[in-house]
Each structure stands twice: as structure tokens, then as C-alpha cells.
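Trainee: Just passing along the structure, written as C-alpha cells.
No value in this document is a laboratory result; all are computed from the given coordinates. All values reported here derive from a predicted model rather than from experimental measurement. All Cβ positions, glycine included, derive from the backbone under ideal geometry; neighbour counts span all protein chains shown.
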Amino acid sequence: MLVIECPWCGPRAESEFNCGGEADIARPLEPEKLTDKEWGDYLFMRKNPRGVHREQWLHTQGCRRWFMATRDTVTYAIQGYEKFGGAESNAAARKGTQGDK
Ligand SMILES: [Zn+2]
């Protein structure tokens with residue numbers, strides 16, 4: 001079982017959390033101007049990389065807050081955590097890639 005470190009509560013068992021999928025999915029600013037394919041890509045298409053990527057997690061059985069984790073999908077090793085609105089999240093917003101949860 002993974003031990004996930006909630007930024008507010010500390011280390012907890014994986015069973016207390018729900019994964020919200022890939023982080024940094026930006027909602028289109030003008031969705032009415034997208035084609036059906038572009039809208040479908042926004043809603044459903046994810047990278048699913050082999051290796052390190054950023055994903056969103058919800059501490060469902062604890063503080064019920066969302067945060068982001070950088071995790072290696074091969075080894076399951078979590079390399080870091082970020083709160084939304086933190087310094088790292090601001091860097092993501094400048095790139096136009098901040099998550100919308
Ligand atoms: Zn928590």
C-alpha cells in the first residue's frame with residue numbers, strides 16, 4: 001500500500017485518498033468555439049505517461065482537500081506534493097496549465 005503525504009494532515013494510507021487523474025488540465029476559455037473533437041479531447045484524452053507525471057489527489061477520508069503529487073507511474077514513488085495556489089501552482093498558471101478542481 002502506498003503511503004501518501006497530505007500537505008495538511010501528513011502521511012496517511014492510500015485508502016484514505018482518491019486520485020483525480022492528471023493535473024494541469026486547463027479548461028478552455030471559450031468552450032463554445034471548440035469543435036466536438038477539441039471538446040472531447042479536453043474532457044477525455046489524457047497523457048497516461050510511463051514515468052514521472054503530476055496528478056491530483058483528494059484526501060477523501062481526512063481533510064477533504066485537493067492537492068497535487070508528482071509520481072513515477074513505473075515505481076509508484078511519489079517525488080513531491082504541492083497545494084493548489086502555492087508557488088509551484090502559480091508557475092503552472094503562467095504556462096496556462098493550472099488544473100480546474
Ligand atoms: Zn488531509
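Trainee: Calculate the FRET efficiency for Glu30 and Trp8 from the Cβ-Cβ distance with a Förster distance of 35 Å, rounded to the nearest 0.05.
Mentor: 0.50
Trainee: For a quick check: with amide H placed at 1.01 Å from N, whose amide H comes under 5 Å from Cys6's, ignoring anything fewer than 5 positions away on the same chain?
Mentor: Amide H to amide H, under 5 Å and 5 or more residues apart or across chains, Cys6 pairs with Arg12.
Trainee: Turning to a different aspect of this structure: Under the 0.36 nm per residue contour assumption, what length would be gained going from the current alpha-carbon distance of Tyr42 and Asn18 to full extension?
Mentor: On the way: separation 24, 0.36 × 24 = 8.64 nm, distance 2.11 nm.
Between Tyr42 and Asn18, full extension yields 6.5 nm more.
Trainee: Would you mind counting up the charge near Leu2? Only other residues with Cβ under 14 Å from its Cβ, with Lys and Arg at +1 and Asp and Glu at -1. All intermediate terms of the calculation are to be shown ahead of the outcome.
Mentor: On the way: positive: Arg12, Arg71; negative: Glu5, Glu14, Glu16, Glu55, Asp72.
Counting the neighbours of Leu2, the net charge comes to -3.
Trainee: Rounding to the nearest 20 debye, state how big the charge dipole of region 1-66 is about its Cα centre with +1 on each Lys and Arg Cβ and -1 on each Asp and Glu Cβ. Each step should come with its number before you reach the end.
Mentor: On the way: 10 positive and 11 negative charges, 32 e Å.
The calculation lands at about 160 debye.
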